[in-house]
Each structure stands twice: as structure tokens, then as C-alpha cells.
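Reading through the C-alpha cells given below for one structure.
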Amino acid sequence: MPNTTVRAAAEGTPEINRRAAHHVDDLSFMQRRTPKGTGIHYWQVQATGSYSADYEKGLALGREYLDYIGSHPTNGNVNLLGWIVGDMVALCAGKLTGIELGFLRQVNELAVVVSSWAKTQKGVDA
């Protein structure tokens, strides 16, 4: 049975045949570990060797992530950024590349906007 994913919806899979969305099925930069049941690679990307191209790719992946969590605001997805960053750090041996920096910039940009907006709301602590 196909998953309920952004991809499934785009491909026209009937809604009745879909399961609940799962980030590994929806986000292009994630991949299930093999063998099945051994976990998820939360950050599975390939650098191009060009910092600027990688940075742009990171920005795009950040937008993809934000679109996903905006469409699926679940308790599990609240933890997702931490798992992604954990894999980033493990894979980059302490040196983030343009892809990671672009991704984090995109996510942080929204955090800054939302935090600034929240400060303008009467009685809201941000």
C-alpha cells in the first residue's frame, strides 16, 4: 500500500489507499537505513564541490523541510530538526558545508521572523 506523502498526492494516489505521512517518505534528503528496521539517515545529501551551488541546494532543502513541518505539525516532527542536525554533525566531522549552512540559514530565517512577530503580540513571550 502506498504511503500518504506529498509525492503520493502529487502522483494522484487515491486518498483511501494512503497511510499517515512519514518524514522519511516525504523529505528528499532522508533515507531509510538498511536493513529495514535499523533507523533513518536524517541527512543524506551529496555535495557538488561548488560552495555556492551547495548553499543554494541547502536553502532549497530548508524550504522543503519548512513546508513539510508546516503541513504536518506533529509532536514527532517537533524533534525532527534535532535529528537532522545530529546527522549533519556526524557526517561533516565538525565542518559544515554549504549545504548544511544554507539549510540552517533557511530554517533560522523563519525562526527570526516568527520570534520577532511574537514579540509584537501583546502578552506573548518569545
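The values are calculated or read from the model by the stated rules, or taken from the named source; none is laboratory data. The model shown is predicted, which means the values in this text are computed figures rather than measured ones. Here the Cβ positions follow ideal geometry from the backbone for every residue, glycine too, while neighbour counts run over all protein chains shown.
Residues satisfying the criterion are absent from region 25-36 (criterion: touching a helix residue (DSSP H, G or I) at 6+ places or on another chain (Cβ under 7 Å), within 18 Å of E109 (Cα to Cα) and among the aromatic types (F, W, Y)). Among residues of region 68-97 that are closer than 16 Å to D25 by Cα, those with a beta-carbon under 6 Å from a residue that is assigned to a loop (DSSP other than H, G, I, E, B) at least six positions away or on a different chain give the pairs Y68/L27; H72/A21; W83/Y42; I84/Y42; I84/W43. Anything in region 31-60 that is surrounded by fewer than 13 Cβ atoms within 10 Å (Cβ to Cβ) and assigned to a helix (DSSP H, G or I)? List them, or say none. S52, the sole residue that qualifies.
Evaluated against (1) closer than 24 Å to N75 by Cα; (2) part of a helix (DSSP H, G or I); (3) modelled with pLDDT of 80 or more, S28 falls short on exactly one condition, (2).
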